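Asker: So that we are looking at the same thing, I have put the structure below in structure tokens.
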Amino acid sequence: MILSSLIDATAALLPHLVAVPILLPLASAALMLFIGDSDRGRKTKSAIGLASCVLGLLVALVLLLQTTQGPVVLTYSPGNWTYPFGISLVADGLASLMLVLSQTLAIGAVCFAQARWQRAGVHFNAMFQFQLMGVSGAFLTGDIFNLFVFFEILLAASYGLLLHGSGGMRVRAGLHYVAVNLVASMLLLVGIAVVYGVTGSLSMADIAARLPQVPPGDQGLLRAGAAVLGVGLLIKAGVWPLNFWLGPTYASAGAPVAAYFALMTKIGLYALLRLWTLAYPGGSDVHPAFGAEVLAWAGLVTLAIGSLGMLATYRLDRLAAAAIIASAGTVLAALALGQAQLTAAALFYVVASTWAAAALFLLVELVERSRQGRLREATTFDDLSVGRSLFVAEEFGDTPPPEVNLDEFERALVGTPISRALAALGLGLVCCTLMIAGLPPMAGFVAKATLIQATLEALNLHRLAGAAGWTLIGLLVVSSLAALVGLTRAGVHMLWAPVDRPAPRVSVVEWLPIASLCGMGVLLALYAGHVMTITTGIAQSLYAPSGYIQALQRTVPVPSPTQELP
């Protein structure tokens with residue numbers, strides 16, 4: 001009886017859960033603005049932010065479970081307007097998967113920020129929640145104008161987060177970041193206006209349904225608007241040659257901000273995939289897949305540029321930024337080739353590569369700190385309170401005790417030659433390297449192997465142009481070698497080279513997100529078959545978008561309490 005009532009209550013609330021990933025961070029951010037910036041106030045805001053992210057992850061998981069069974073498309077009309085007018089929110093498998101990815105990164109970033117970064121300036125937690133709101137809205141919106149609105153919300157918050165902590169480097173990178181995104185937003189707005197002028201609609205599903213009725217004389221204008229809209233999304237996705245801003249911006253951002261920014265390029269790719277598969281599902285004869293070849297080669301060149309970038313620097317933050325560029329190119333090339341199995345592998349790769357890049361950005365903060373200052377008194381493994389040291393280093397004065405062994409330079413040899421902190425950082429870097437390079441036992445290996453297998457199958461069935469397919473396979477191998485060489489070289493240079501510096505101090509709240517992201521990479525590899533089943537279903541529904549379109553067409557206003565609709 002109680003169980004059935006709980007199931008009925010969950011079923012009744014399910015349509016409203018679509019709006020929760022947007023409303024929850026909005027309410028959390030608004031509440032934080034009324035809390036002071038004292039030590040107690042910062043702890044309260046951190047608790048609110050962490051609770052918001054955890055609850056958002058639970059909601060995203062519920063939506064993912066619901067939308068990947070069938071598949072099911074959940075719709076919600078906040079303004080209660082008749083389709084295709086008004087604001088519409090849509091949760092399908094793709095949107096739910098991206099929400100889960102967003103919330104996992106948000107939890108790690110908020111947890112890591114509790115140690116230091118939330119004290120570097122005011123309103124960090126509130127701005128982070130506003131950005132989370134914009135990201136969730138971009139994934140859930142059902143029309144292109146609100147896609148632009150949510151893009152602007154997340155960008156406005158990201159401007160403040162990028163400058164959080166001040167510093168000349170952040171200001172310079174922030175100015176470039178703001179200027180580039182203003183240009184991209186202008187292109188988005190122009191493209192949306194042209195598409196609206198031709199089709200007379202802003203609803204993505206309605207635009208897709210109206211495309212066959214567009215007169216031949218308006219086809220050129222429609223394609224021009226789609227091209228302008230696509231260029232704006234490609235700038236936000238970090239595709240070459242429009243990605244010159246990405247490296248300096250991500251390298252200068254604070255660690256938790258950069259970790260969450262690992263998702264930002266995927267939002268542009270998500271929007272491109274959503275619009276492209278709705279407008280040109282599989283490339284019909286009447287409306288062939290517009291720009292497929294250009295997008296494929298743009299992705300391949302971006303992958304090559306990202307691979308070269310990983311070989312061109314010793315800095316871990318620049319390496320992580322180059323890895324994001326390479327992953328954006330990989331995903332764009334795989335999506336542009338227009339095969340469901342390739343798209344499924346690309347979605348799996350999105351999850352694995354984003355977790356790896358986020359963990360690497362968090363790790364950069366700790367590695368850089370290990371190169372500065374000297375440690376004072378050590379603490380023990382049993383002291384796990386927030387802000388206290390988890391990994392310890394022990395020092396002696398100028399005169400070590402007589403029982404201590406000395407090296408050839410008469411320096412004390414105490415305990416193990418590698419401190420626990422340094423070993424932990426090294427282990428984290430090894431995990432990130434394996435994930436980004438695509439080596440077992442991490443999920444990156446499964447992702448790249450699946451991409452190569454899907455490409456070979458499509459080539460054997462003559463579904464792909466041979467040049468693009470073979471180039472993708474070759475660049476996937478080259479990018480793996482580049483990541484392995486670049487990250488190993490940087491690790492030797494920054495962590496394992498013998499230098500005269502103390503062991504780093506690492507707190508629990510800083511190490512836990514890195515360990516969790518790496519652990520999820522292992523779990524993703526162990527359960528790769530289950531996850532690939534989900535992503536395959538999502539990809540198949542994308543290339544057969546009738547379910548998405550019909551779900552919105554069936555949306556009707558909810559009757560008011562005092563009046564029944566006819």
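Asker: Convert each backbone phi in the stretch 129-137 into a coupling constant with the Karplus relation 6.51 cos²θ - 1.76 cosθ + 1.60 (shift: θ = phi - 60°), then list the ³J(HN,Hα) values in order as whole Hz, x for Gly and Pro.
Answerer: Once θ is set to phi - 60°, the couplings for the stretch 129-137 become 5, 5, 5, 4, 4, x, 5, 4, x Hz.
Asker: Rank-order 440-449, 147-156 by packing density, defined as the average count of other C-beta atoms within 10 Å over each peptide's residues, highest first.
Answerer: Ranked by mean Cβ neighbours within 10 Å, highest first: 440-449, 147-156.
Asker: ASP143's amide H: which non-local residues (gap 5+, or another chain) put their own amide H closer than 5 Å, with H modeled 1.01 Å from N in plane and none for Pro or chain starts?
Answerer: Those qualifying (amide H under 5 Å, at least 5 residues apart or on another chain) are SER88, MET204.
Asker: Here's another thing I want to ask about it. Among 34-41, 315-322, how do they line up by average Cβ neighbours within 10 Å per residue, starting with the highest?
Answerer: The densest-packed peptide leads the list: 315-322, 34-41.
Asker: What is the Cα centroid distance between the stretch 172-188 and the stretch 20-69, reported in whole angstrom?
Answerer: Using only Cα atoms, the two centres lie 28 Å from each other.
Asker: Right, another one. With contacts defined as alpha carbon pairs under 8 Å and 6 or more residues apart, what's the relative contact order of the stretch 17-290 in percent?
Answerer: Over the stretch 17-290, the number comes to 18 percent.
Asker: Subtract the Cα-Cα distance of ALA193 and ALA47 from 0.36 nm times their separation in residues, and report this length gain in nm to one decimal.
Answerer: 48.4 nm
Asker: Nearest 0.05, what FRET efficiency do LEU61 and LEU311 give at R0 = 60 Å with Cβ-Cβ as r?
Answerer: Using R0 = 60 Å, I get an efficiency of 0.95.
Asker: So, one more: What's the center-to-center distance, using Cα atoms, between the stretch 428-447 and the stretch 245-272 in Å?
Answerer: 20
Asker: Next question. Quickly rank 342-354, 297-309 as a protection proxy: mean count of other C-beta atoms within 10 Å, highest first.
Answerer: The packing order, highest mean first, is 342-354, 297-309.
Asker: In debye to the nearest 20, how big a dipole does the stretch 17-290 give about its Cα centre with +1 on each Lys and Arg Cβ and -1 on each Asp and Glu Cβ?
Answerer: So the dipole magnitude of the stretch 17-290 works out to roughly 860 debye.
Asker: How long is the gain from LEU175 to LEU526 if the chain were fully straight, where each residue apart is worth 0.36 nm and the alpha carbon distance is subtracted?
Answerer: Extra length available between LEU175 and LEU526 comes to 122.1 nm.
Asker: Under a plain spin-label model, where a point goes 7 Å from the Cα along Cα-to-Cβ, how far apart in nm are GLU368 and LEU439?
Answerer: Here the answer is 2.6 nm between the modelled labels.
Asker: Between SER516 and TRP297, what is 0.36 nm times their sequence separation minus the Cα-Cα distance? Round to one decimal in nm.
Answerer: 75.3 nm
Asker: Under a plain spin-label model, where a point goes 7 Å from the Cα along Cα-to-Cβ, how far apart in nm are SER38 and ALA227?
Answerer: Going from the SER38 label point to the ALA227 one covers 6.1 nm.
Where a number appears in this text, it was derived from the coordinates with a stated rule and is not lab data. Bear in mind the structure is a predicted one, so any value in this text is a computation, not a measurement. Cβ coordinates were reconstructed from backbone atoms using ideal geometry, including for glycine residues, and neighbour counts include every protein chain displayed.
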